[in-house]
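Heads up: the structure comes next, in C-alpha coordinates.
The values are calculated or read from the model by the stated rules, or taken from the named source; none is laboratory data. Computed from a predicted structure; not experimentally measured. Using ideal geometry, Cβ is built from the backbone for each residue, glycine included, and neighbour counts are taken over all protein chains shown. Just so you know, the surface numbers come from the protein's heavy atoms only, side chains and all, with ligands and any DNA or RNA stripped out. Shrake-Rupley method; radii C 1.70, N 1.55, O 1.52, S 1.80 Å.
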Amino acid sequence: MQSKYPNRKAVEKIQQSNRILLVTHIKPDGDAVGSLLGLGLALQESGRQVQMVIEDGIPLSLRRLTGSDQIRKKAEGEFDLVIVVDCSDLGRVGKALDGKPAPDINIDHHITNEEFAELNLVDAHAVATAEIIYALLNDLELSLTPPVAAALLTGLITDTLGFRTSNVRPETFYLVARLMETSVDLPELYRRALVSRSFEAVKFWSFGLAKLEQADRLVWTSLTMNDRRAANYPGRDDADLINVLSSIDEMDVSMIFVEQPNGNIKVSWRAQPGFDVAVVAKEFGGGGHAAAAGAEIPGAMQEVQDKALERTRLALTGGRHV
Ligand SMILES: [Mn+2]
(Lines give C-alpha, C1' and ligand atoms only; values in the text may rest on other atoms or scores of the structure.)
Protein backbone atom coordinates (compact mmCIF):
# COMPACT_ATOMS: atom_id res chain seq x y z
CA MET A 1 0.00 0.00 0.00
CA GLN A 2 1.52 3.33 -1.05
CA SER A 3 1.53 6.18 1.45
CA LYS A 4 -0.43 9.30 0.63
CA TYR A 5 1.02 11.35 3.47
CA PRO A 6 3.92 13.80 3.05
CA ASN A 7 6.16 11.63 5.17
CA ARG A 8 9.54 12.20 3.49
CA LYS A 9 10.73 14.79 6.02
CA ALA A 10 9.41 12.78 8.95
CA VAL A 11 11.19 9.68 7.62
CA GLU A 12 14.47 11.62 7.36
CA LYS A 13 14.10 13.03 10.86
CA ILE A 14 13.35 9.63 12.37
CA GLN A 15 16.20 7.96 10.48
CA GLN A 16 18.63 10.54 11.90
CA SER A 17 17.44 9.99 15.48
CA ASN A 18 18.43 7.45 18.08
CA ARG A 19 16.79 8.48 21.34
CA ILE A 20 13.13 9.04 20.65
CA LEU A 21 10.41 10.20 23.05
CA LEU A 22 6.81 9.27 22.18
CA VAL A 23 3.87 10.75 24.05
CA THR A 24 0.10 10.68 23.76
CA HIS A 25 -2.89 12.16 25.55
CA ILE A 26 -4.21 11.90 29.09
CA LYS A 27 -7.19 9.55 29.61
CA PRO A 28 -5.78 7.47 26.73
CA ASP A 29 -8.11 5.42 24.51
CA GLY A 30 -7.31 2.47 22.25
CA ASP A 31 -6.10 4.65 19.38
CA ALA A 32 -3.78 6.69 21.63
CA VAL A 33 -2.22 3.58 23.16
CA GLY A 34 -2.27 1.58 19.90
CA SER A 35 -0.59 4.36 17.94
CA LEU A 36 2.02 4.90 20.65
CA LEU A 37 2.85 1.19 20.90
CA GLY A 38 2.68 0.53 17.15
CA LEU A 39 5.20 3.26 16.39
CA GLY A 40 7.26 2.67 19.55
CA LEU A 41 7.70 -1.08 19.12
CA ALA A 42 8.51 -0.76 15.41
CA LEU A 43 11.18 1.87 16.14
CA GLN A 44 12.66 -0.33 18.89
CA GLU A 45 12.81 -3.23 16.41
CA SER A 46 14.93 -0.98 14.20
CA GLY A 47 17.46 -0.63 17.03
CA ARG A 48 16.46 2.79 18.35
CA GLN A 49 16.02 3.75 21.98
CA VAL A 50 12.39 4.65 22.51
CA GLN A 51 10.63 5.93 25.59
CA MET A 52 6.81 5.88 25.60
CA VAL A 53 5.03 8.21 28.02
CA ILE A 54 1.37 8.69 29.04
CA GLU A 55 0.79 10.89 32.08
CA ASP A 56 -2.21 8.82 33.21
CA GLY A 57 -0.58 5.45 32.49
CA ILE A 58 -2.49 2.78 30.60
CA PRO A 59 -6.08 1.59 31.22
CA LEU A 60 -6.55 -1.97 32.44
CA SER A 61 -8.36 -3.05 29.27
CA LEU A 62 -5.26 -2.29 27.13
CA ARG A 63 -2.61 -3.82 29.37
CA ARG A 64 -2.49 -7.07 27.43
CA LEU A 65 -0.96 -5.32 24.41
CA THR A 66 2.73 -6.18 24.04
CA GLY A 67 4.91 -3.31 25.22
CA SER A 68 2.28 -1.76 27.47
CA ASP A 69 4.48 -2.56 30.49
CA GLN A 70 7.10 -0.20 29.04
CA ILE A 71 4.80 2.82 29.12
CA ARG A 72 5.85 5.31 31.80
CA LYS A 73 4.07 8.27 33.37
CA LYS A 74 7.06 10.62 33.13
CA ALA A 75 9.86 11.09 30.59
CA GLU A 76 13.38 10.55 31.93
CA GLY A 77 16.65 11.47 30.22
CA GLU A 78 17.67 13.20 27.00
CA PHE A 79 16.08 12.82 23.59
CA ASP A 80 16.97 13.85 20.07
CA LEU A 81 13.41 13.51 18.73
CA VAL A 82 9.99 14.11 20.31
CA ILE A 83 6.86 12.72 18.66
CA VAL A 84 3.27 13.36 19.84
CA VAL A 85 0.50 11.03 18.63
CA ASP A 86 -3.32 11.36 18.59
CA CYS A 87 -3.38 14.82 20.26
CA SER A 88 -5.28 17.74 18.73
CA ASP A 89 -3.43 20.22 20.96
CA LEU A 90 -0.48 20.17 23.36
CA GLY A 91 -2.72 20.62 26.41
CA ARG A 92 -3.89 17.04 25.81
CA VAL A 93 -0.48 15.58 26.77
CA GLY A 94 -0.80 16.96 30.33
CA LYS A 95 2.58 17.20 32.04
CA ALA A 96 4.21 14.43 29.98
CA LEU A 97 6.44 16.92 28.12
CA ASP A 98 7.30 19.23 31.05
CA GLY A 99 10.98 20.21 30.83
CA LYS A 100 11.39 18.41 27.51
CA PRO A 101 12.08 19.96 24.07
CA ALA A 102 9.14 21.13 21.93
CA PRO A 103 7.65 18.34 19.79
CA ASP A 104 9.33 17.70 16.42
CA ILE A 105 6.55 15.61 14.92
CA ASN A 106 2.78 15.66 15.52
CA ILE A 107 0.83 12.68 14.15
CA ASP A 108 -2.95 13.02 14.39
CA HIS A 109 -6.34 12.72 12.67
CA HIS A 110 -8.44 15.31 14.56
CA ILE A 111 -9.84 18.02 12.30
CA THR A 112 -9.22 20.53 15.12
CA ASN A 113 -5.47 19.75 15.28
CA GLU A 114 -3.48 22.90 16.08
CA GLU A 115 -0.36 21.82 14.12
CA PHE A 116 1.84 22.56 17.13
CA ALA A 117 4.99 20.71 16.02
CA GLU A 118 7.75 21.46 13.54
CA LEU A 119 6.36 18.73 11.30
CA ASN A 120 2.65 17.93 11.31
CA LEU A 121 1.38 14.67 9.84
CA VAL A 122 -2.30 15.48 10.23
CA ASP A 123 -4.98 13.78 8.14
CA ALA A 124 -8.58 14.34 9.22
CA HIS A 125 -9.76 11.66 6.76
CA ALA A 126 -7.84 8.94 8.59
CA VAL A 127 -10.26 6.92 10.74
CA ALA A 128 -7.60 6.62 13.44
CA THR A 129 -4.11 7.93 14.14
CA ALA A 130 -3.06 4.26 13.82
CA GLU A 131 -3.85 4.52 10.09
CA ILE A 132 -1.31 7.34 9.66
CA ILE A 133 1.25 5.44 11.76
CA TYR A 134 0.83 2.43 9.44
CA ALA A 135 1.65 4.57 6.39
CA LEU A 136 4.66 6.06 8.17
CA LEU A 137 6.01 2.62 9.12
CA ASN A 138 5.64 1.64 5.47
CA ASP A 139 7.67 4.65 4.37
CA LEU A 140 10.29 3.87 7.02
CA GLU A 141 10.40 0.33 5.59
CA LEU A 142 9.97 -1.11 9.07
CA SER A 143 8.66 -4.65 9.39
CA LEU A 144 5.13 -5.22 10.60
CA THR A 145 5.50 -7.60 13.54
CA PRO A 146 2.40 -9.16 15.19
CA PRO A 147 2.68 -6.90 18.30
CA VAL A 148 2.86 -3.79 16.07
CA ALA A 149 -0.11 -5.01 14.01
CA ALA A 150 -2.13 -5.81 17.17
CA ALA A 151 -1.50 -2.31 18.53
CA LEU A 152 -2.51 -0.57 15.28
CA LEU A 153 -5.57 -2.78 14.85
CA THR A 154 -6.68 -1.89 18.40
CA GLY A 155 -6.49 1.79 17.39
CA LEU A 156 -8.61 1.19 14.28
CA ILE A 157 -11.22 -0.89 16.13
CA THR A 158 -11.55 1.66 18.95
CA ASP A 159 -11.87 4.85 16.93
CA THR A 160 -14.30 3.32 14.39
CA LEU A 161 -16.38 1.73 17.23
CA GLY A 162 -15.83 -1.59 15.50
CA PHE A 163 -15.99 -0.25 11.90
CA ARG A 164 -19.39 1.40 12.38
CA THR A 165 -18.50 5.10 12.04
CA SER A 166 -19.47 6.98 8.87
CA ASN A 167 -15.84 7.70 7.96
CA VAL A 168 -15.01 3.99 7.39
CA ARG A 169 -13.92 3.46 3.75
CA PRO A 170 -12.88 0.49 1.60
CA GLU A 171 -9.27 1.47 2.35
CA THR A 172 -9.96 0.86 6.05
CA PHE A 173 -10.59 -2.81 5.29
CA TYR A 174 -7.54 -3.13 3.03
CA LEU A 175 -5.56 -1.90 5.99
CA VAL A 176 -7.30 -4.34 8.37
CA ALA A 177 -6.60 -7.18 5.94
CA ARG A 178 -2.93 -6.24 5.77
CA LEU A 179 -2.70 -6.17 9.58
CA MET A 180 -4.54 -9.52 9.89
CA GLU A 181 -1.98 -11.14 7.58
CA THR A 182 0.48 -10.97 10.48
CA SER A 183 -1.84 -13.52 12.16
CA VAL A 184 -3.14 -11.24 14.91
CA ASP A 185 -6.30 -12.39 16.67
CA LEU A 186 -8.91 -9.88 15.42
CA PRO A 187 -11.91 -11.26 17.40
CA GLU A 188 -9.89 -11.21 20.62
CA LEU A 189 -8.62 -7.65 20.04
CA TYR A 190 -12.19 -6.59 19.18
CA ARG A 191 -13.57 -8.22 22.34
CA ARG A 192 -10.98 -6.56 24.56
CA ALA A 193 -11.34 -3.12 22.95
CA LEU A 194 -15.13 -2.93 22.74
CA VAL A 195 -17.06 -5.78 24.32
CA SER A 196 -15.51 -6.92 27.59
CA ARG A 197 -16.44 -5.03 30.80
CA SER A 198 -16.07 -5.53 34.52
CA PHE A 199 -18.94 -6.75 36.72
CA GLU A 200 -18.72 -3.42 38.59
CA ALA A 201 -19.22 -1.45 35.37
CA VAL A 202 -22.40 -3.32 34.44
CA LYS A 203 -23.66 -3.10 38.04
CA PHE A 204 -23.07 0.69 37.82
CA TRP A 205 -25.17 0.73 34.61
CA SER A 206 -28.06 -0.86 36.50
CA PHE A 207 -28.45 2.24 38.69
CA GLY A 208 -28.52 4.49 35.64
CA LEU A 209 -30.87 2.21 33.71
CA ALA A 210 -33.33 2.17 36.65
CA LYS A 211 -33.64 5.98 36.33
CA LEU A 212 -33.94 6.08 32.52
CA GLU A 213 -36.33 8.74 31.17
CA GLN A 214 -37.49 9.95 27.78
CA ALA A 215 -39.37 12.88 26.28
CA ASP A 216 -39.53 14.33 22.77
CA ARG A 217 -36.96 11.92 21.26
CA LEU A 218 -34.58 12.76 24.07
CA VAL A 219 -33.37 9.99 26.41
CA TRP A 220 -31.45 10.61 29.63
CA THR A 221 -30.38 9.31 33.00
CA SER A 222 -27.99 10.08 35.86
CA LEU A 223 -25.31 8.40 37.97
CA THR A 224 -24.49 9.68 41.45
CA MET A 225 -21.53 9.17 43.77
CA ASN A 226 -23.84 6.92 45.82
CA ASP A 227 -24.52 4.75 42.76
CA ARG A 228 -20.79 4.47 42.18
CA ARG A 229 -20.13 3.42 45.76
CA ALA A 230 -22.98 0.89 45.69
CA ALA A 231 -21.59 -0.65 42.49
CA ASN A 232 -18.00 -0.43 43.74
CA TYR A 233 -17.11 1.11 40.35
CA PRO A 234 -13.65 2.73 40.45
CA GLY A 235 -13.81 5.22 37.52
CA ARG A 236 -15.19 8.75 37.40
CA ASP A 237 -16.83 8.14 34.03
CA ASP A 238 -20.19 6.63 33.06
CA ALA A 239 -18.66 3.20 32.28
CA ASP A 240 -19.83 3.77 28.66
CA LEU A 241 -23.50 3.66 29.64
CA ILE A 242 -24.05 6.52 27.17
CA ASN A 243 -23.42 4.04 24.34
CA VAL A 244 -26.26 1.85 25.62
CA LEU A 245 -28.53 4.90 25.72
CA SER A 246 -27.60 5.93 22.20
CA SER A 247 -28.61 2.48 20.92
CA ILE A 248 -32.27 3.21 21.79
CA ASP A 249 -34.37 3.42 18.62
CA GLU A 250 -36.75 6.19 19.70
CA MET A 251 -34.13 8.82 20.33
CA ASP A 252 -32.39 11.64 18.49
CA VAL A 253 -30.25 12.73 21.42
CA SER A 254 -29.20 10.87 24.56
CA MET A 255 -27.67 12.43 27.66
CA ILE A 256 -26.09 11.20 30.84
CA PHE A 257 -25.37 13.18 34.03
CA VAL A 258 -22.53 11.87 36.17
CA GLU A 259 -21.81 13.34 39.60
CA GLN A 260 -18.07 13.97 40.12
CA PRO A 261 -16.05 13.77 43.35
CA ASN A 262 -15.63 17.59 43.22
CA GLY A 263 -19.41 18.04 43.21
CA ASN A 264 -19.64 19.06 39.55
CA ILE A 265 -21.89 17.21 37.12
CA LYS A 266 -20.29 15.76 34.01
CA VAL A 267 -22.76 15.78 31.12
CA SER A 268 -22.33 13.68 27.98
CA TRP A 269 -24.41 14.02 24.82
CA ARG A 270 -24.76 11.60 21.89
CA ALA A 271 -26.75 12.52 18.79
CA GLN A 272 -28.02 10.80 15.66
CA PRO A 273 -26.69 12.05 12.30
CA GLY A 274 -28.20 15.44 11.43
CA PHE A 275 -27.93 16.83 14.96
CA ASP A 276 -25.10 18.84 16.44
CA VAL A 277 -24.79 18.52 20.21
CA ALA A 278 -21.37 20.20 20.29
CA VAL A 279 -23.19 23.54 20.02
CA VAL A 280 -25.17 22.86 23.22
CA ALA A 281 -22.11 21.49 25.05
CA LYS A 282 -20.20 24.64 24.13
CA GLU A 283 -22.85 26.83 25.78
CA PHE A 284 -21.99 25.03 29.01
CA GLY A 285 -18.24 25.49 28.59
CA GLY A 286 -17.64 22.07 27.02
CA GLY A 287 -17.07 20.86 23.47
CA GLY A 288 -16.72 17.87 21.19
CA HIS A 289 -18.08 16.67 17.87
CA ALA A 290 -21.56 17.01 16.32
CA ALA A 291 -22.40 13.40 17.30
CA ALA A 292 -20.66 13.25 20.69
CA ALA A 293 -20.00 16.08 23.11
CA GLY A 294 -19.51 16.76 26.81
CA ALA A 295 -19.28 19.45 29.49
CA GLU A 296 -18.59 19.63 33.21
CA ILE A 297 -21.15 21.86 34.88
CA PRO A 298 -21.04 23.09 38.50
CA GLY A 299 -24.23 22.79 40.53
CA ALA A 300 -26.57 20.27 42.15
CA MET A 301 -27.70 17.26 40.10
CA GLN A 302 -31.34 18.31 39.69
CA GLU A 303 -30.48 21.91 38.87
CA VAL A 304 -27.90 20.92 36.23
CA GLN A 305 -30.29 18.36 34.72
CA ASP A 306 -33.09 20.92 34.46
CA LYS A 307 -30.83 23.50 32.79
CA ALA A 308 -29.12 21.17 30.34
CA LEU A 309 -32.31 19.27 29.43
CA GLU A 310 -34.17 22.48 28.80
CA ARG A 311 -31.45 23.84 26.56
CA THR A 312 -31.11 20.56 24.65
CA ARG A 313 -34.88 20.24 24.18
CA LEU A 314 -35.06 23.78 22.88
CA ALA A 315 -32.32 23.00 20.39
CA LEU A 316 -34.06 19.76 19.36
CA THR A 317 -37.38 21.44 18.67
CA GLY A 318 -35.61 24.21 16.79
CA GLY A 319 -35.22 21.92 13.81
CA ARG A 320 -33.22 18.90 12.77
CA HIS A 321 -30.01 20.81 13.09
CA VAL A 322 -29.52 21.53 16.76
MN1 LIG B 1 -7.73 8.79 17.63
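Quantify, in whole percent, the carbon and sulfur part of the accessible surface of the range 48-138 (1.4 Å probe; protein heavy atoms only). Provide the component values of the computation, followed by the final result.
Values: 1800 of 4130 Å².
Reported share for carbon and sulfur atoms: 44 percent.
Roughly how far apart, in whole Å, are the Cα centres of the range 182-202 and the range 26-96?
A separation of 21 Å, based on Cα centres.
For the residue pair N226 and D80, what label-to-label distance in nm results when each label sits 7 Å from Cα along the Cα-to-beta-carbon direction?
Placing both labels 7 Å along Cα→Cβ, they lie 6.1 nm apart.
Expressed as an acute angle from 0 to 90° and rounded to the nearest 10, what is the orientation of the C-alpha long axis of helix 199-210 relative to the principal long axis of the chain?
Long axis of 199-210 versus the principal axis of the chain: about 30 degrees.
What list of whole percents do you get for P(r) of the chain, with Cα-Cα distances grouped in 20 Å bins up to the one holding the largest distance?
Whole-percent P(r) values from 0 Å outward: 31, 55, 14.
Using Cα pairs closer than 8 Å and at least 6 residues apart in sequence, work out the relative contact order for the chain, in percent. Before the final figure, lay out each step's value.
Details: 618 pairs, mean separation 39.5, N = 322.
Over the chain, the number comes to 12 percent.
Pick out, in residue order, every one of the trypsin sites (Lys or Arg not before Pro) in the range 258-322 that is DSSP loop and has at most 13 other C-beta atoms within 10 Å; say none if there are none. Intermediate results must be reported in sequence, preceding the final value.
Values: sites: K266, R270, K282, K307, R311, R313, R320; in loops: R320.
Of the trypsin sites (Lys or Arg not before Pro), the ones in loops of the range 258-322 whose Cβ has at most 13 other Cβ atoms within 10 Å are R320.
Quick check on the chain: helices-only [θ] at 222 nm, where DSSP H runs of length 4 and up contribute -39,500 (n - 2.57) each and the sum goes over total residues. Nearest 500, please. All intermediate terms of the calculation are to be shown ahead of the outcome.
Values: 11 runs with 112 residues, N = 322.
Counting only the DSSP helices, I get -10500 deg cm²/dmol.
Can you give me the angle between helix 146-159 and the longest principal axis of the chain, using Cα atoms only, in degrees from 0 to 90, rounded to the nearest 10?
The two axes meet at around 30 degrees.
Report the Cα-based extents of the range 94-228 along its three principal axes, largest first, to the nearest Å.
Computed over the Cα atoms, the extents are 53, 40, 31 Å.
Want the number for R169 to S206: 0.36 nm per residue separation, take away the alpha-carbon distance, what's left? Please list the in-between numbers first.
Details: separation 37, 0.36 × 37 = 13.32 nm, distance 3.59 nm.
Length gained between R169 and S206: 9.7 nm.
Output the relative contact order of the range 51-94, whole-number percent, from Cα pairs under 8 angstrom with separation of 6+ residues. If you can, show how the numbers build up before the last one.
Numbers: 32 pairs, mean separation 19.1, N = 44.
It comes to 43 percent, rounded to a whole number.
Once you put a point 7 Å from the Cα of Q49 and another 7 Å from the Cα of E141, both along the Cβ direction, what distance in nm separates them?
Distance between the two pseudo-spin positions: 2.6 nm.
Per-residue counts of other Cβ atoms within 10 Å, averaged by peptide: what ranking do you get for 99-106, 298-305, 79-86, 163-170, highest first? Present the calculation step by step, with values, prior to reporting the outcome.
On the way: 99-106: 17.1, 298-305: 14.9, 79-86: 24.2, 163-170: 11.5.
Peptide ranking by packing, descending: 79-86, 99-106, 298-305, 163-170.
Identify the trypsin sites (Lys or Arg not before Pro) of the range 8-101 meeting these criteria: DSSP loop state and at most 15 other C-beta atoms within 10 Å of the C-beta.
When the trypsin sites (Lys or Arg not before Pro) of the range 8-101 are filtered for loop state and at most 15 Cβ neighbours within 10 Å, R63, R64, K73, K74, K95 remain.
Would you work out the charge dipole size for the range 199-317 about its Cα centre, treating the Cβ of every Lys and Arg as +1 and the Cβ of every Asp and Glu as -1, and quote it to the nearest 20 debye?
Values: 12 positive and 17 negative charges, 46 e Å.
My answer is approximately 220 debye.
Mind listing which GluC sites (Glu not before Pro) in the range 152-219 are in a DSSP loop and have 12 or fewer other Cβ atoms within 10 Å? Write down the numbers at each step before the final one.
On the way: sites: E171, E181, E188, E200, E213; in loops: E181.
Taking the range 152-219 and a limit of 12 other Cβ atoms within 10 Å, the loop GluC sites (Glu not before Pro) found are E181.
Rounded to the nearest 0.05, what FRET efficiency is calculated for R8 and A124 with R0 set to 22 Å and r the Cβ-Cβ distance? Each step should come with its number before you reach the end.
Details: r = 21 Å, r/R0 = 0.93.
So, using R0 = 22 Å, E works out to roughly 0.60.
Using a 1.4 angstrom probe, figure out how much accessible area the chain has per residue, in square angstrom, rounded to the nearest whole.
Working: 15360 Å² over 322 residues.
Result: 48 Å² per residue.
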